[in-house]
Amino acid sequence: MLLAVDIGNSNLVFGLYAQNKWQYHWRLQTITEKSGPEYEINLRNYFLEQNLSLSEVDSIIISSVVPVLTPIIRDMLWYLFGKEPVVVNPEVIKQLPLGVVKPHEIGSDLVANAMAGYDLFKENCIVVDFGTALTFTTISSEGNILGVAIAPGLKTSIYALYRDTAKLPDIEIPLELPQSAIGKNTEHALQAGVLLGYVGLVEHLIGRIREELGGTCKVVATGGLSSVITPLEKHFDQLEPLLTIDGLRLIHNFLNSSNAQVS
């Protein structure tokens, strides 16, 4: 059984893959002050709740965009399962068939997204990841990463307004978009500006990237907030909440099949 771990700025996602599907997945809030033993307790509890044995895990792969947590989670997993995790770092990225120009600059989560996105379509595609940052990773029909566009994530945008203004409140992200772009109160005004503005941002960037690719490409959405903005659904060929950890699975398989050197 493969354990894939995606350490993001907002959440840690753990997934267990066996028998050609993701059997279980769990999501924890990312807390950089939390110790390895504290995360270990969470993971042990997940296994106990599902009546799983730690010995069922035979390999581990990690993506992390939170450097301070990388050694903490790696060492915790090594101690817990007795197996050395593979961390997707620049040396690993160089060995992948993605044509990454600057492996020291690109996030390992984006690399995993690209692996999974190309595996889905085998043609020009865009992976839109709605996370702490909103990212658009573009992959060519040959499977190479052409580039990335990055914007503030939805919650990040709302928090920035709350943090940097004296009178604007923090707001919840509603399940439905406001009916009007003309806000009638402060909360409605924030929802109209941020949420409806987000729809325009995503639509425009997808359109612009598609135009630069010559007009044709597939689009897949992922990330914790990918299902919130429903008007965008028509722009996505697929919605894959577990795309990043599935990309980690594909990286793991590639490294094993090619006998690549992993450090």
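Miscellaneous remarks
- Å² of accessible area per residue within the chain, as computed with a 1.4 Å probe and no ligands counted: 50 Å²
- Anchor residue 234: aspartates and glutamates whose Cα lies under 15 Å away (excluding residues fewer than 8 positions away in-chain): 203
- Three-way shape call for the chain based on the alpha-carbon gyration tensor, with the a/c threshold at 1.5: oblate
- Under 13 Å from residue 83, Cα to Cα: aspartates and glutamates that are on another chain or at least 8 residues apart: 56, 58, 75
- Listed by chain and number, the lysines whose alpha-carbon sits under 26 Å from that of residue 184, ignoring those within fewer than 8 places in the same chain, are 155, 167.
- Heavy-atom accessible area ranking, 1.4 Å probe, most first, across 33, 187, 123: 33, 187, 123
- Mean residue ellipticity at 222 nm, helices only, the chain: -11000 deg cm²/dmol; runs of at least 4 DSSP H residues each add -39,500 (n - 2.57), and the sum is divided by the number of residues.
- Counting only the Cα atoms, region 1-151 fills a convex hull of 113 Å³ per residue.
- Legend: calculated FRET efficiency, residue 182 to residue 203, from the Cβ-Cβ distance at R0 = 25 Å, rounded to 0.05, equals 0.80.
- Of all accessible heavy-atom area on the chain, the percent that carbon and sulfur account for (1.4 Å): 51 percent
- Where trypsin sites (Lys or Arg not before Pro) in DSSP loops with at most 10 other Cβ within 10 Å are excluded, longest remaining stretch of the chain: 1-166
- Charge tally around residue 119: other residues with Cβ under 13 Å, Lys/Arg +1 each, Asp/Glu -1 each, net 0.
The values are calculated or read from the model by the stated rules, or taken from the named source; none is laboratory data. Remember, predicted model here, so these are calculated numbers, not experimental data. Using ideal geometry, Cβ is built from the backbone for each residue, glycine included, and neighbour counts are taken over all protein chains shown. Protein only, heavy atoms only, side chains kept; ligands, DNA and RNA dropped before computing areas. Shrake-Rupley method; radii C 1.70, N 1.55, O 1.52, S 1.80 Å.
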